[in-house]
Amino acid sequence: MPAPAIQMTGIDKRFGAVHANKAVSLTVEKGTVHGLIGENGAGKSTLMSILYGFYAADSGTIAINGKPSLIRNPADAIHSGIGMVHQHFMLVETFTVVENVMLGAEGGVFTAKGAAAVRAKLQALSYAYGMDVNPDAVVSELAVGELQRVEILKALVKGADILILDEPTAVLTPSEVEKLFVLLRRLAGEGKTIIIVTHKLKEIITVTDRVSVMRRGEMVGTVETSNTSPADLAELMVGRRVVLTVEKGPANPQAVVLDVKDLTVRDARGTIRLDHATFQVRAGEIVGIAGVSGNGQSELLETIAGIRKPAGGTVSLNGALLDCGGSDDPTALRAKGLRHVPEDRHRMGLVKPFEAAESAILGCSDEPGFGAGPFLDRDAVLADCVRKMEAFDVRPADPTLRTALFSGGNQQKIVLAREIERDPKLLLIGQPTRGVDIGAIEFIHKRIIGLRDAGKAVLLVSTELDEVLALSDRVLVMCGGKITGERRPEDTNEQDMGLLMAGVSSDAPKVAA
Amino acid sequence: MSARTAPVWLTAGVVPLVNVAVAFLAAGLVVALIGENPVEALQIMLRGALGSQYGLGYTLYYTTSFIFTGLAVAVAFHAGHFNIGGEGQALMGGLGAALVALSLPFLPWPLLLPLCVLGAAAAGAAWVFIPAYLQACRGSHIVITTIMFNFLAATLLVYLLVGPMKMAGSMAPETAKFVPGATLPLMNQMAAWFGLTITRTPLNLSFIFAILAAIFVWVLIWRTRLGYAIRTVGANPDAAVYAGISPARITVIALLISGGLAGLMATNEILGVQGRLINEFTAGAGFVGIAVALMGRGHPFGIVLAALLFGVLYQGGAELAFDKPKITREMIIVIQGFVILFAGALEMMFADRIAALYARLTGKLVAV
């Protein structure tokens, strides 16, 4: 048997008091697709960063193709034949594909020679692996799936035999994911070695040969994919049995709470981001919005929440017309019973340097309960936070701890507690479980369904298709700012949703609300 | 209180002290290089600044100005803005105080004096309004605009002091003396009311104002809804928008408060010491305020300590230059420069190591 492509032995890494990798060992055989999974903070990014030379391990050794290798920086990693495709693409938007690929390999003062060499290599690789990318296309004009192929090509042109892909499917539609997986299998068939870092269990099962699971800095196991199931992997990740399915009874929709008609939003440059969106949300139902991120979902949520001003169309709450972004700013809308859990809690939902208690009153700091007149009563704020932390099982339950020090799941619980505890009539909720550990996902889903069963209207946006289908009573699909279809979760499948997410409108009749 | 951070004594006490110690070591090297004894130089400085009622009075007099300008920088900083126009706002504060004092001399002092103080704050705030508005609503960078407004303020003051506001028949660029009811009592006068005798120095009632201003800023930033909004805008403007807090509005309000505090610096020099408006009376206090605010980590307690340190440097430095002719006035500025470098620009250099040490000693993980 040939030497494994990667053999990491006894990798140990500490960041201050955080023990990110505890004597981790990882072996990846040549010509295989290997999955690496684990919850946030399990140490998988650290491990990959050490392999790619971003960090130096405190102890431990790395052997590439059986040869002990010292990887001190990314240049060493590239030299050893390791390439990395980051979750957030590292491309210069205004450059063409060729210009991007030759970054770091310009070949002298003048670029013509380097460009020609890169172009030849690109063509050979595109032909060999069936990757169809126009070398002269400007990167900003490419679709997300193509960008990812450019990233992969970039690594291959630099001579990578081992490819690390970090959350490669986060921004892809189901059909693009399928294409990517075909490509990955083909690369593996040609003898390349692939490591996929992800948290999506279903994809791991689809594409990998072997899976390694990390938990709290330790490698808890490597299993043959054919011998495992999502539930087993989840148990390995969390350390206990978790319920992956959402249990909910039938919905009991009542009066229309949110009525959106022809809502159109333009961005600062005048580009249409939301195009005549029309839909309703009733009390006692969850309406989900599916779609690849960046297709107008954020604009939709932010407009209804009063953060953006629409270019056209109307929004009504309980029959009363709203002036979103005008007189109905977020403060006014909160008073009307509209609550909003923003998609990106770090950017909007929390103030990371604040104490947890201070983040827990974001948007509520003017409530009379928090102090007399202009003053904030610190004791009242702390007491309020303690109550919320208890109700939502936030750990550690310390209201004076800095917000940034909580895990993703606990940060999200703080946001949810703040918004749900105020008894909303309508809850807008974006990406409820992004970056949240599996254990907390269960809890958050239960809360959202509880809210529905209490007769509240819920508008849910998530780029996790499984989540939208599991939680929603009706699903709207968005693509390019338009609502391309509406389905009941029980009447659809992944392929059907994939077509809608790619903007292929169907003539199937709409579901009666 | 942005974290379960280290206790205040650590962030605003130990960390700056270590920085200052390093600054003094570096300055000591320079003193040794020119052939003087650094230990002796330090002794002269400390004795000159703190060793007598006279020295202490002058030290606290300088401290007063630096507290005001340091607080001004800190309030803007909490809103995420770098107001480096304290110099100009303080000059305008002097103008505001002088306009009130000279135009309403007939008022009784219990009315006139508060109006003069308010005039100083209002003029300082007014001077920052245009940069604040441009920053909030047009995105013009406040650093650029406040620097330019410093020059405008200096030029405007010269124009007024050699022209419309000059005392008739005088050759000096200064206004007429204010009526006694428009000036603040000196500390030795106030001590005399209680039957105490202390040496006469420029230290005056505005020192008490400065301490009250520090308390005001602490309450404002950490115990009011407005302070919460200011800190939210400073730490995460997107979260502020989400919360329904208008960053533009809060920016203007925070900068007006900042300008008002800078304007109050004039109460020390103009209402307290000069009793008339003179040219260039700020003498760089506006800029020292930046170093003071950085060194005090934006916390009023730290700012008072940092201002005291700079007061010591100013007064002790003057004594040192007087005692040791080889150590010129410029050398003193070099020493101050080292303090600004280590305590301001390089303030975080030792912070991590101190936090690690603290964690090792107490077992508590903190962020400094």
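If I ask for residues that are within 14 Å of chain B (Cβ to nearest Cβ) and either assigned to a strand (DSSP E or B) or of a type in the set (Gly, Ala, Ser) (or both), which ones from segment A:296-321 would you list?
Residues satisfying the conditions are A:Ser298, A:Ala305, A:Gly306.
Identify the single condition in (1) within 23 Å of B:Ser206 (Cα to Cα); (2) crowded, with 20+ Cβ neighbours inside 10 Å; (3) of a type in the set (S, T, N, Q) that B:Thr146 does not satisfy, given that it satisfies every other one.
(1)
Exactly one of (1) crowded, with 24+ Cβ neighbours inside 10 Å; (2) at pLDDT below 95 is unmet by B:Leu46. Its number?
Going through the list (1) crowded, with 24+ Cβ neighbours inside 10 Å; (2) at pLDDT below 95, B:Leu46 breaks only (1).
Hey, among B:Leu156, B:Leu95, B:Leu91, which residue is modelled with pLDDT of 95 or more and surrounded by fewer than 22 Cβ atoms within 10 Å (Cβ to Cβ)?
None of the other options fit; the residue is B:Leu156.
Kindly indicate the residue of segment A:133-175 that is part of a helix (DSSP H, G or I), of a type in the set (Asp, Glu) and open to solvent by 40 Å² or more (accessible area, probe 1.4 Å) and also nearest to A:Leu36 (Cα to Cα) among those meeting that condition.
A:Glu146
Residue by residue through segment A:371-416, note down the ones that are of a type in the set (Val, Ile, Thr), surrounded by fewer than 22 Cβ atoms within 10 Å (Cβ to Cβ) and not in a helix (DSSP H, G or I).
A:Thr400
Filter segment A:122-132 for residues that are open to solvent by 50 Å² or more (accessible area, probe 1.4 Å) and either modelled with pLDDT of 90 or more or over 11 Å from A:Val98 (Cβ atoms) (or both) and give the result.
A:Ala124, A:Tyr127, A:Gly130, A:Asp132, listed by residue number.
Out of segment A:69-102, which residues are open to solvent by 50 Å² or more (accessible area, probe 1.4 Å) and polar (S, T, N, Q)?
A:Asn73, A:Gln87, A:Thr94
One residue is enough: does segment A:270-279 have a residue meeting the conditions assigned to a loop (DSSP other than H, G, I, E, B), without any contact (Cβ under 8 Å) to a residue 12 or more places away in the chain and either open to solvent by 70 Å² or more (accessible area, probe 1.4 Å) or more than 15 Å from A:Leu459 (Cα to Cα) (or both)?
Our first condition is that a residue be assigned to a loop (DSSP other than H, G, I, E, B); within segment A:270-279, this holds for A:270-271.
Filter once more, keeping what is without any contact (Cβ under 8 Å) to a residue 12 or more places away in the chain: A:270-271.
Adding the requirement that they be either open to solvent by 70 Å² or more (accessible area, probe 1.4 Å) or more than 15 Å from A:Leu459 (Cα to Cα) (or both) leaves A:270-271.
Scanning segment A:270-279 turns up at least one residue that is assigned to a loop (DSSP other than H, G, I, E, B), without any contact (Cβ under 8 Å) to a residue 12 or more places away in the chain and either open to solvent by 70 Å² or more (accessible area, probe 1.4 Å) or more than 15 Å from A:Leu459 (Cα to Cα) (or both).
How many residues does segment A:324-346 hold that are in a loop (DSSP other than H, G, I, E, B), within 10 Å of chain B (Cβ to nearest Cβ) and surrounded by fewer than 24 Cβ atoms within 10 Å (Cβ to Cβ)?
First, pick out the residues of segment A:324-346 that are in a loop (DSSP other than H, G, I, E, B): A:325-327, A:329, A:336-337, A:342-344.
From what's left, within 10 Å of chain B (Cβ to nearest Cβ): A:329, A:342, A:344.
Add one more test, that the residue is surrounded by fewer than 24 Cβ atoms within 10 Å (Cβ to Cβ), and what stays is A:329, A:344.
Final tally of qualifying residues: 2.
Considering only residues that are hydroxyl-bearing (Ser, Thr, Tyr) and away from chain A (no Cβ under 14 Å), which ones fall in segment B:173-232?
Within segment B:173-232, B:Thr175, B:Thr183, B:Thr197, B:Thr199, B:Thr201, B:Ser206 meet the criteria.
Select from segment A:106-121 the residues that are under 30 Å from A:Ser45 (Cβ atoms) and either exposed (fewer than 14 other Cβ atoms within 10 Å of the Cβ) or among the basic types (Lys, Arg) (or both) and list them in ascending order.
A:Lys121
Tell me which residues, restricted to segment A:167-203, are within 19 Å of the chain's Cα centre (by Cα) and modelled with pLDDT of 90 or more.
Those that are within 19 Å of the chain's Cα centre (by Cα) and modelled with pLDDT of 90 or more: A:Leu180, A:Phe181, A:Ile195, A:Ile196, A:Val197.
Is there a residue being out of contact with any strand residue (DSSP E or B) (no Cβ under 8 Å at 6 or more places or on another chain) and among the acidic types (Asp, Glu) anywhere in segment A:399-419?
Looking through segment A:399-419, none of the residues is out of contact with any strand residue (DSSP E or B) (no Cβ under 8 Å at 6 or more places or on another chain) and among the acidic types (Asp, Glu).
Please list, ordered by first then second residue, the pairs with beta carbon atoms under 6 Å, 6 or more apart or interchain, first in segment A:442-453 and more than 12 Å from A:Glu285 (Cβ to Cβ), second surrounded by fewer than 18 Cβ atoms within 10 Å (Cβ to Cβ).
Within 6 Å, the pairs are A:Glu442/A:Val243; A:His445/A:Val246.
Give the number of residues within segment A:347-380 that are within 9 Å of chain B (Cβ to nearest Cβ) and free of Cβ contacts under 8 Å to residues at least 60 places away in the same chain. Walk me through how you get there before you give the answer.
Step one: of segment A:347-380, the residues within 9 Å of chain B (Cβ to nearest Cβ) are A:347-355, A:358-359, A:361-366, A:370-371, A:373-378.
When the remaining residues are screened for being free of Cβ contacts under 8 Å to residues at least 60 places away in the same chain, the result is A:347-348, A:351-355, A:358-359, A:361-366, A:370-371, A:373-378.
Number satisfying all stated conditions: 23.
Please pick out the residue among B:Ala262, B:Ala235 that is within 14 Å of chain A (Cβ to nearest Cβ) and modelled with pLDDT of 95 or more.
Details: B:Ala262 fails: within 14 Å of chain A (Cβ to nearest Cβ).
Only one candidate qualifies: B:Ala235.
Within the set of pairs 6 or more residues apart or between chains, which connect a residue that is within 14 Å of another protein chain (Cβ to nearest Cβ) and closer than 15 Å to B:Ala306 by Cα inside segment B:1-24 to a residue that is open to solvent by 20 Å² or more (accessible area, probe 1.4 Å) and at pLDDT 60 or above with Cβ atoms less than 6 Å apart?
Correct list of pairs: B:Thr11/B:Arg297.
Please give the helices (runs of 4 or more DSSP H) falling wholly within segment B:274-340 in which 2 or more residues are at pLDDT 90 or above and crowded, with 21+ Cβ neighbours inside 10 Å.
Helices (runs of 4 or more DSSP H) meeting the threshold: B:285-295, B:300-323.
For (1) out of contact with any Leu (no Cβ under 7 Å at 6 or more places or on another chain); (2) in contact (Cβ under 8 Å) with a residue 12 or more places away in the chain, each residue gets a yes or a no:
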{"site": "A:Gly83", "(1), (2)": "no, yes"}
{"site": "A:Thr94", "(1), (2)": "yes, yes"}
{"site": "A:Val101", "(1), (2)": "no, yes"}
{"site": "A:Gly108", "(1), (2)": "yes, no"}
{"site": "A:Ala124", "(1), (2)": "yes, no"}
{"site": "A:Gly130", "(1), (2)": "yes, yes"}
{"site": "A:Glu141", "(1), (2)": "yes, no"}
{"site": "A:Leu165", "(1), (2)": "yes, yes"}
{"site": "A:Phe181", "(1), (2)": "yes, yes"}
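Go through segment A:180-224 residue by residue and tally those that are open to solvent by 20 Å² or more (accessible area, probe 1.4 Å), among the hydrophobic types (A, V, I, L, M, F, W, C) and more than 24 Å from A:Ile438 (Cβ to Cβ).
1
Kindly provide the set of residues from segment B:186-201 that are more than 22 Å from B:Gly311 (Cα to Cα), open to solvent by less than 100 Å² (accessible area, probe 1.4 Å) and of a type in the set (A, V, I, L, M), ordered by number. Before you say what the answer is, go through the steps one by one.
Quick first cut of segment B:186-201, residues more than 22 Å from B:Gly311 (Cα to Cα) only: B:192-197.
If we keep only those that are open to solvent by less than 100 Å² (accessible area, probe 1.4 Å) as well, we get B:192, B:195.
Within segment B:186-201, just B:Ala192 meets the criteria.
Would you be able to say whether some residue in segment A:31-53 is open to solvent by 50 Å² or more (accessible area, probe 1.4 Å) and over 22 Å from the mean Cα position of the chain (by Cα)?
No - not one qualifying residue is present in segment A:31-53.
Given A:Asp496, A:Asp423, A:Asp453, A:Asp491, which one is surrounded by fewer than 24 Cβ atoms within 10 Å (Cβ to Cβ), closer than 29 Å to A:Phe406 by Cα and not small (Gly, Ala, Ser)?
Step by step, each of A:Asp496, A:Asp423, A:Asp453, A:Asp491 is checked, and only A:Asp423 is surrounded by fewer than 24 Cβ atoms within 10 Å (Cβ to Cβ), closer than 29 Å to A:Phe406 by Cα and not small (Gly, Ala, Ser).
All but one of (1) within 13 Å of chain A (Cβ to nearest Cβ); (2) farther than 30 Å from A:Cys324 by Cα hold for B:Arg276; state the number of the condition that does not hold.
So B:Arg276 meets the others, but not (1).
The values are calculated or read from the model by the stated rules, or taken from the named source; none is laboratory data. Quick caveat: nothing in here was measured; it's all calculated off a predicted structure. Heads up, the Cβs are rebuilt from the backbone with ideal geometry, glycines too, and the neighbour counts pull from every protein chain shown. These accessible areas exclude ligands, DNA and RNA; they are computed on the full protein's heavy atoms, side chains included. Shrake-Rupley method; radii C 1.70, N 1.55, O 1.52, S 1.80 Å.
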